[in-house]
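Structure first, then comments.
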Amino acid sequence: MSNRPALSRVPTGVLGLDSILGGGLFRGGIYMIIGRPGAGKTILGNQMCFAHVGSGQTALFVTLLAENHARMVEHLSSLNFFQPELLGDALTYLSGIEVIERDGLKGLLQFLRHELRSRKATLLVLDGVGALWDGPETDIDQKRFLHDLQLMLAAHGGTALLLNQTQLRYDSIEYTMVDGIIELSQATFDVRVTRQIEVLKFRGSDYTPGQHLLTITNEGITVYPRTEAHIAALAPAAAEQRTRLPFGIAGLDAMLGGGLLSGSTTALVGAPGSGKTIAGLHFLAAGAAAGQPGLYFGFYEPPPRLIAKANAVGLDFSAAVTAGLTEVRWHAPLEQPLDLLAADLLRTVRERGVRRLVVDGLNTFQQAAVHPERLGRFFTALTNELRVLDVTTIFNVETPELFGTGIHWPVQGLTSSAENIIYLRYIIQRSRLERLISILKVRDSGYDTSIHTFTIGQGGLVVGELPADAIDWPVEGMSRGAPSQNSGPSVSSAQAGATS
């Protein structure tokens, strides 16, 4: 074991960024932030400055561009991290344009040394460093400038950010000499624009590679680490002690042998209006009655409408919400990024100590993915993390077919992650619409394989007995006749793993 002291970290103050950096920047380091105009470099630099001075330290922001400081501050004033009372002694804005034009790189280095010492600044931001290489200086002069700046920061205990809008070659002076390179970018997928951040180089520490979601809002910049890359490294072993959690639907609990195993993941699959939401509300209401914190995470029904729906079938959901046992969290199904949804879900689960979770509208996660090939890894990581947190989760999955006996799995990546699959569907029987429920899969437990009818009314969802003429209902892939012990709606061959 090494006895060398660990390098001192400097938190960035940007939510999510320290996570992918392994804890923050290193004191004494030089870090290049690159990206085209409008990518968010100046906002990032300023946000880190305000976070730095907010922790009681001092920062210096030096521009090498022609942008007016007053204009820049005016733009920043609309962001919530901006605190005008910190301007002045704690955070100073200076221009280095005249210095570098008059005295070159040597003069700029002397200027920075004087300002850092006199102001006792421990964070330096140089905005527009492309101007450093526009003068007559040679490659040797540029290397000497970066080397001397590094020595100065090490002696002074400071950290520097160099903001540059040009792409760097792997053999460029900046790339080889700085301690880290962070790239901000944006890409268009169909009509959606997604902002991204990627660490290209980071000396002295491991970091989470690849592209991660970045947003710019009134809060400033927020980074959402790629779910499957981030939480996979954090998850400890899942708890072994497991109990049964009843749905609160007597007939369904009997089919399940008492309820769902704690920490399990269930896909509740069905056509629009088949009863998925009501079933999920039953599960949360049963948890509230037992004093277990629950979370409804949905996309299609705002909280007042959802609570009214639950109350209308006798679940008295409003009492559980008022008591704080159940939370209803709603995201409009618009252009919500995949990792933002996952981060909000997991944050709420951890903060509230959620034991029962219903995600109503899993299809929205699929629609949020600009890279569909990620979905398998994403759902594996998400469900594993929920399992580690001992959360019993129900994902409501909508199928496009209103009628039929086969399932064409609409969401990629969940079949292998879901221990349990429950299927709700319609049939037309003697000119009447009937609802049917069946269990396709329960891992590590026995279950009733029969098809049952169910109704939704004042008492909520009520499961009935197996209809006498169920023998006449054909199932895809099976001949007509008496159903086998494991008969039930079939899954398309492409999704054969769902019934394993």
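The values are calculated or read from the model by the stated rules, or taken from the named source; none is laboratory data. Computed from a predicted model, the values in this text were never measured in an experiment. Cβ: placed from backbone, ideal geometry, glycine included. Neighbour counts: every protein chain shown.
Below are the figures for this structure:
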{"quantity": "Which listed residue, of 307, 221, 216, 231, is of a type outside the set (S, T, N, Q) and more than 21 Å from the chain's Cα centre (by Cα)", "calculated": "307"}
{"quantity": "Single match in 179, 139, 206 (criterion: of a type outside the set (Ser, Thr, Tyr) and within 30 Å of residue 370 (Cβ to Cβ))", "calculated": "206"}
{"quantity": "Condition check for residue 42: closer than 13 Å to residue 164 by Cβ and surrounded by 15 or more Cβ atoms within 10 Å (Cβ to Cβ)", "calculated": "yes"}
{"quantity": "Boolean, residue 155 is more than 21 Å from the chain's Cα centre (by Cα) and either without any contact (Cβ under 8 Å) to a residue 60 or more places away in the chain or surrounded by fewer than 18 Cβ atoms within 10 Å (Cβ to Cβ) (or both)", "calculated": "yes"}
{"quantity": "Residue that is farthest from the chain's Cα centre (by Cα) [pool: residues in segment 376-403 that are more than 26 Å from residue 262 (Cβ to Cβ) and among the hydrophobic types (A, V, I, L, M, F, W, C)]", "calculated": "403"}
{"quantity": "Selected residue [closer than 17 Å to residue 356 by Cα, out of contact with any strand residue (DSSP E or B) (no Cβ under 8 Å at 6 or more places or on another chain), crowded, with 22+ Cβ neighbours inside 10 Å and not polar (S, T, N, Q)] from 310, 320", "calculated": "310"}
{"quantity": "Qualifying positions in segment 351-397 - of a type in the set (A, V, I, L, M), under 15 Å from residue 336 (Cβ atoms) and not in a helix (DSSP H, G or I)", "calculated": "359, 362, 369, 370"}
{"quantity": "Among (1) acidic (Asp, Glu); (2) within 16 Å of the chain's Cα centre (by Cα); (3) surrounded by fewer than 18 Cβ atoms within 10 Å (Cβ to Cβ) - the single one residue 373 does not satisfy", "calculated": "(2)"}
{"quantity": "Filter result for the condition that a residue is under 18 Å from residue 153 (Cβ atoms) and free of Cβ contacts under 8 Å to residues at least 40 places away in the same chain, over 122, 58, 92", "calculated": "92"}
{"quantity": "Inter-residue pairs, beta-carbon under 9 Å, first without any contact (Cβ under 8 Å) to a residue 12 or more places away in the chain and in segment 340-359, second crowded, with 24+ Cβ neighbours inside 10 Å and hydrophobic (A, V, I, L, M, F, W, C), 6+ apart", "calculated": "none"}
{"quantity": "Any hit, segment 99-120, residues being in contact with a strand residue (DSSP E or B) (Cβ under 9 Å, 6 or more places away or on another chain), under 20 Å from residue 147 (Cβ atoms) and outside any helix (DSSP H, G or I)", "calculated": "no"}
{"quantity": "Looking only at segment 165-216, and only at residues there that are of a type in the set (S, T, N, Q) and in contact with a Pro (Cβ under 8 Å, 6 or more places away or on another chain), the one that is farthest from residue 46 (Cα to Cα)", "calculated": "208"}
{"quantity": "In segment 26-49, residue nearest to the chain's Cα centre (by Cα) [restricted to those that are more than 16 Å from residue 199 (Cβ to Cβ) and among the hydrophobic types (A, V, I, L, M, F, W, C)]", "calculated": "43"}
{"quantity": "Only one of 45, 28 that is small (Gly, Ala, Ser), more than 22 Å from residue 218 (Cα to Cα), assigned by TED's automatic domain parsing to the domain that holds residue 95 and in contact (Cβ under 8 Å) with a residue 12 or more places away in the chain", "calculated": "28"}
{"quantity": "Condition check for residue 247: assigned to a loop (DSSP other than H, G, I, E, B), touching a Phe, Trp or Tyr at 6+ places or on another chain (Cβ under 6 Å) and either in contact (Cβ under 8 Å) with a residue 12 or more places away in the chain or farther than 26 Å from residue 347 by Cβ (or both)", "calculated": "yes"}
{"quantity": "Answer from 411, 475 - the residue that is farther than 27 Å from residue 361 by Cβ, at pLDDT below 90, surrounded by 15 or more Cβ atoms within 10 Å (Cβ to Cβ) and assigned by TED's automatic domain parsing to the domain that holds residue 362", "calculated": "475"}
{"quantity": "Every residue from segment 184-195 that is in contact with a strand residue (DSSP E or B) (Cβ under 6 Å, 6 or more places away or on another chain) and modelled with pLDDT under 95", "calculated": "185, 186, 187, 193, 194, 195"}
{"quantity": "Filtered residues of segment 428-447 (kept if more than 21 Å from residue 416 (Cα to Cα) and either charged (D, E, K, R) or at pLDDT 90 or above (or both))", "calculated": "430, 432, 434, 435, 436, 437"}
{"quantity": "Some residue of segment 82-96 being in a loop (DSSP other than H, G, I, E, B), within 31 Å of the chain's Cα centre (by Cα) and farther than 21 Å from residue 166 by Cβ", "calculated": "yes"}
{"quantity": "Selection within segment 44-67 - assigned to a helix (DSSP H, G or I), in contact with a strand residue (DSSP E or B) (Cβ under 6 Å, 6 or more places away or on another chain) and of a type outside the set (S, T, N, Q)", "calculated": "44, 45, 49, 52, 53"}
